[in-house]
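Here is the structure we will look at, set down as structure tokens.
The values are calculated or read from the model by the stated rules, or taken from the named source; none is laboratory data. Fair warning: this is a prediction, and the values are worked out from it, not measured in the lab. Neighbour counts run over all protein chains shown; Cβ positions are idealised from the backbone, glycine included. Protein only, heavy atoms only, side chains kept; ligands, DNA and RNA dropped before computing areas. Shrake-Rupley method; radii C 1.70, N 1.55, O 1.52, S 1.80 Å.
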Amino acid sequence: MKKMIFFSVLVTLLVSSLSAHALTTEMGLSYGRKTTTFDENNSFDSESITGSVSLYFLERLAVELSYTDARGLREEKASASDAQRTTTQKSQIMGADLILVFADKKSLLQPYIKGGGAQISRYQEVRIEGQDTFTIEPESATVPSYGAGLKVQLTDTFGIKLSYDVWKTPIGGGLQTDDSSIRAGVTWVL
């Protein structure tokens, strides 16, 4: 009976808090690109684009849903007489995170932390000049994720968002590694 009364009071407080604070929806878009050239035969090019929708409630809490599409292209050749090796990697990451903002939504600078989970799908294709092409497609995995960031609110509806995100990506044999991303993008409050 005490648990039922406690639960009822908790739900009443939560509902009254939600009705006192309007729900805010925010859309975000970020892009990243990196190109590294070692010499005329060896280079690496990667890019990623992320779209997100965040639902803010209780002033400083939000649930964020995101989708990231990342691609990488590596071209390698040890010497001029060696065969060219071209590796193409693709990743799709669907994330769901709870965000805690450490400032008011009207503040210019809004630091935040987040944690949740992500569904990761990966694909790799390796082509060696004059030989066969082979692919690696690890099983899709649901993994924990976390991160931190800073939103710079320039107007009531427009801001710039910088973030650092980490995923615990499986690498086989029960092992995991930390894959990470540094992003910059824009946000719109609807």
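For the reader, a short list of remarks on this structure follows.
- Options 159, 149, 130; residue that is in contact (Cβ under 8 Å) with a residue 12 or more places away in the chain, out of contact with any Pro (no Cβ under 9 Å at 6 or more places or on another chain) and farther than 30 Å from residue 39 by Cα: 159
- Scan region 122-165 for residues that are of a type in the set (Lys, Arg) and over 23 Å from residue 95 (Cβ atoms) and the total you get is 1.
- Any hit, region 138-158, residues being open to solvent by 40 Å² or more (accessible area, probe 1.4 Å), closer than 30 Å to residue 83 by Cβ, aromatic (Phe, Trp, Tyr) and assigned to a strand (DSSP E or B): no
- Looking only at residues in region 104-116 that are open to solvent by less than 70 Å² (accessible area, probe 1.4 Å) and modelled with pLDDT of 95 or more, the one that is nearest to residue 172 (Cα to Cα) is 116.
A quick yes/no check of all residues on (1) free of Cβ contacts under 8 Å to residues at least 60 places away in the same chain; (2) closer than 24 Å to residue 153 by Cα; (3) hydroxyl-bearing (Ser, Thr, Tyr):
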site: 25; (1), (2), (3): no, yes, yes
site: 47; (1), (2), (3): yes, no, no
site: 60; (1), (2), (3): yes, yes, no
site: 64; (1), (2), (3): yes, yes, no
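- Residue match in region 79-87 (condition: hydrophobic (A, V, I, L, M, F, W, C), surrounded by fewer than 14 Cβ atoms within 10 Å (Cβ to Cβ) and part of a loop (DSSP other than H, G, I, E, B)): yes
- Test: residue 34 is assigned to a strand (DSSP E or B), basic (Lys, Arg) and open to solvent by less than 70 Å² (accessible area, probe 1.4 Å): no
- Neighbours by Cβ (under 6 Å, 6+ apart or cross-chain): first from region 69-86, among the polar types (S, T, N, Q); second assigned to a loop (DSSP other than H, G, I, E, B) and surrounded by 13 or more Cβ atoms within 10 Å (Cβ to Cβ): 84/77
- Note on region 48-90: residues that are of a type in the set (Phe, Trp, Tyr) and closer than 22 Å to residue 179 by Cβ total 1.
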